[in-house]
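*Asks:* Here's a structure for you.
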Amino acid sequence: MKKTILFALFSLSLSPVALFADFEVSNWKYEKQINAPALVDTQYVRLPLDSDVSSAGDFKGIRIINEKNIEIPYQLIKEEYISKSSGGVLINNSTDSQGRSYFTIDLGVSGQIHNQILVQTQSSNYRRQVSVYASDTLLPESSSAWKLLTDKGYIYKFTDQSVGLNVAGNLFFYPKSTARYVKVVIGAGPEGAIAVSGAQVFQQEVRTNISRDMEIRGSVGDDVTNKATVLTFDLGSTGVFTNEVTVSTREKNFNRRVILESSNDGLTWNYLSQGFISYLETSLFSGGSLSLNYPEVMARYIRLKVFNQDDQPLSFETKAKFKGPVYSVVFQSNPAQDYRLFYGNSTASKPFYDLARLFQYLEVDTMTEATLGRQSENQKYVPPAPPKVPFTESNKYLLNVLLVVLVVVIGVMIFFYLRKTVKNVQSTDTPNDPPNFVR
């Protein structure tokens, strides 16, 4: 199946001919050797980019150069999961006296791969365990012939009007199946039976290298003023993309609001998102979620504030699992040539090449993967000349002195002018004596 690809903010590709006017090797600060896979002939390969590349600037400032110093076409992609709907008709939608909800989805035919269900409901504030069964024939609801796929499904919805928070997780996975009929049982809870208004079945292909998984150790502290537990994690670099964190605790029977923040210096923090973590273990329900999603961010530090209100603080482990998207470039590799990746040019412009228009015809799913070597400084790099400082900026004191002198000169001139004017007025006001007048 063709890999699902989300084009990055900028579609980048390079032309296959001579070096372009905007590329001068002296303008790029860093380089890495590209370790291309063993190929029999020329073909397209996929090269994941690492945190060294992303921390050196945005991706428009990268170039691939072969051993002849010719710029090589590439396409920047952001690899993501995109689920494909398998449709289906909701049948046998009912509840029982114990507060459980049942429904069956008829996909119409057998043979379609599916592994994900989205439950649609207007109910609020619930946490429920979900079981999924499958069959190629429509069986009675109580039949033991249904094949259990999982009983570890989990759906939830939290609403907190005081802080304007509404968080829901009604999408859950189960092992791949090709059965025509899928039966879903939503467990009972104190809020009563969940009123299911619809459901949708999806297929999501599980792939490697689709996200970057990291286990990071951090610190745990207390915010006494806000009655919160604070978890702070240092990802080690400002070039690491993340969008999900999963914390670890052995505590049970809790439901806590969490605010997530990011920082590049560990001092100034920016709001990211908020959500809930919870885990219940009762006779009616066992399960929960310790994962939180947030908008994709490239930051060194991630901080979680877990609000305890009047409950005892939870005991968290000092490690968490982070996930982030993978940005890659696709380029045509010749087994007879070596390639280098240049990056670290903040003034580079976004290139536009033919490959962007041809990329839709490439089968990315079957491409071999290349890797990056160690970072090294480009020996030919020449730092850009500092911006020319205007004369008025570089000679502030001289200009101030000249201004003072000018003000003094103008003041003196005005003084003498006024003095002369006053004398003239006084002489004009004194009458002249007649010629024959004797005093």
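The values are calculated or read from the model by the stated rules, or taken from the named source; none is laboratory data. Quick caveat: nothing in here was measured; it's all calculated off a predicted structure. Backbone-built Cβ (ideal geometry, glycine too); neighbour counts: all protein chains shown. Surface accessibility is based on the protein's heavy atoms, side chains included, excluding ligands, DNA and RNA. Shrake-Rupley method; radii C 1.70, N 1.55, O 1.52, S 1.80 Å.
*Asks:* Quick check on the stretch 291-314. Is at least one of its residues in contact with a Gly (Cβ under 8 Å, 6 or more places away or on another chain) and farther than 28 Å from residue 54 by Cα?
*Replies:* No, because not a single residue in the stretch 291-314 is in contact with a Gly (Cβ under 8 Å, 6 or more places away or on another chain) and farther than 28 Å from residue 54 by Cα.
*Asks:* For residue 42, are the conditions met, namely being closer than 30 Å to residue 142 by Cα, open to solvent by 60 Å² or more (accessible area, probe 1.4 Å) and of a type in the set (Ser, Thr, Tyr)?
*Replies:* no
*Asks:* Mind listing whichever residues of the stretch 327-354 are surrounded by 18 or more Cβ atoms within 10 Å (Cβ to Cβ) and hydroxyl-bearing (Ser, Thr, Tyr)?
*Replies:* Answer for the stretch 327-354, where residues must be surrounded by 18 or more Cβ atoms within 10 Å (Cβ to Cβ) and hydroxyl-bearing (Ser, Thr, Tyr): 327, 328, 333, 339, 343, 353.
*Asks:* Given the residues 375, 360, which is the only one that is open to solvent by 70 Å² or more (accessible area, probe 1.4 Å), closer than 30 Å to residue 77 by Cα and at pLDDT below 80?
*Replies:* Of the residues listed, the single one that is open to solvent by 70 Å² or more (accessible area, probe 1.4 Å), closer than 30 Å to residue 77 by Cα and at pLDDT below 80 is 360.
*Asks:* Inspect all residues belonging to the stretch 210-222 and state whether any of them is out of contact with any strand residue (DSSP E or B) (no Cβ under 8 Å at 6 or more places or on another chain) and open to solvent by 40 Å² or more (accessible area, probe 1.4 Å).
*Replies:* no
*Asks:* Give me the pairs, please: first residue somewhere in the stretch 187-198 and of a type in the set (A, V, I, L, M, F, W, C), second residue anywhere and loosely packed, with under 13 Cβ neighbours inside 10 Å, beta-carbon distance under 6 Å, and either six or more positions apart or on two chains.
*Replies:* Filtered contacts from the stretch 187-198: 188/98.
*Asks:* Between 266, 287, 324, which is part of a strand (DSSP E or B), open to solvent by less than 80 Å² (accessible area, probe 1.4 Å) and at positive phi?
*Replies:* Step by step, each of 266, 287, 324 is checked, and only 287 is part of a strand (DSSP E or B), open to solvent by less than 80 Å² (accessible area, probe 1.4 Å) and at positive phi.
*Asks:* OK, next. In the stretch 153-191, which residue that is of a type in the set (S, T, N, Q) and under 32 Å from the mean Cα position of the chain (by Cα) is farthest from residue 111 (Cα to Cα)?
*Replies:* Selected residue: 162.
*Asks:* Can you tell me how many residues in the stretch 290-308 are within 18 Å of residue 228 (Cα to Cα), outside any strand (DSSP E or B) and in contact with a Leu (Cβ under 9 Å, 6 or more places away or on another chain)?
*Replies:* Of the residues in the stretch 290-308, 1 are within 18 Å of residue 228 (Cα to Cα), outside any strand (DSSP E or B) and in contact with a Leu (Cβ under 9 Å, 6 or more places away or on another chain).
*Asks:* So, one more: Being assigned to a loop (DSSP other than H, G, I, E, B), out of contact with any helix residue (DSSP H, G or I) (no Cβ under 6 Å at 6 or more places or on another chain) and modelled with pLDDT of 85 or more: is that true of residue 209 here?
*Replies:* No: the conditions fail for residue 209.
*Asks:* Also, I was wondering about something else. Tell me, which residue of the stretch 106-157 that is of a type in the set (Phe, Trp, Tyr) and farther than 11 Å from residue 182 by Cα is least open to solvent (accessible area, probe 1.4 Å)?
*Replies:* 126
*Asks:* Can I ask one more? Please go through the stretch 20-36 and pick out each residue that is at pLDDT below 85 and more than 14 Å from residue 380 (Cβ to Cβ).
*Replies:* Correct list: 20, 21, 22.
*Asks:* Can we say residue 310 is over 23 Å from the mean Cα position of the chain (by Cα), closer than 30 Å to residue 28 by Cα and not β-branched (Val, Ile, Thr)?
*Replies:* No.
*Asks:* Let me ask another. So, in the stretch 65-105, of the ones that are of a type in the set (Phe, Trp, Tyr) and touching an Asp or Glu at 6+ places or on another chain (Cβ under 9 Å), which residue ends up least open to solvent (accessible area, probe 1.4 Å)?
*Replies:* Taking the candidates together, the pick is 102.
*Asks:* Give the stretch 187-200 a look and list any residue that's part of a loop (DSSP other than H, G, I, E, B) and either open to solvent by 20 Å² or more (accessible area, probe 1.4 Å) or among the β-branched types (Val, Ile, Thr) (or both), or say none.
*Replies:* Within the stretch 187-200, 190, 191, 192, 193, 194, 195 qualify.
*Asks:* All but one of (1) within 30 Å of residue 79 (Cα to Cα); (2) surrounded by 12 or more Cβ atoms within 10 Å (Cβ to Cβ) hold for residue 184, so report the exception by its number.
*Replies:* Here residue 184 clears every test but (1).
*Asks:* Considering only residues that are closer than 24 Å to residue 274 by Cβ and either assigned to a strand (DSSP E or B) or modelled with pLDDT of 80 or more (or both), which ones fall in the stretch 147-166?
*Replies:* 154, 155, 156, 157, 158, 159, 160, 165, 166
*Asks:* Let me ask something else. Could you check the stretch 230-254 and list, in sequence order, the residues that are at pLDDT below 95 and crowded, with 21+ Cβ neighbours inside 10 Å?
*Replies:* 235, 240, 241, 242
*Asks:* Residue 139: assigned to a strand (DSSP E or B), more than 32 Å from the chain's Cα centre (by Cα) and at negative phi, yes or no?
*Replies:* Criteria not met by residue 139.
*Asks:* Let me ask something else about it. When only residues in the stretch 269-284 that are open to solvent by 50 Å² or more (accessible area, probe 1.4 Å) and not aliphatic (A, V, I, L, M) count, which is modelled with the lowest pLDDT?
*Replies:* The extreme case among them is 283.
*Asks:* Which condition breaks for residue 173 when tested against (1) part of a strand (DSSP E or B); (2) in contact (Cβ under 8 Å) with a residue 60 or more places away in the chain; (3) open to solvent by 70 Å² or more (accessible area, probe 1.4 Å)?
*Replies:* So residue 173 meets the others, but not (2).
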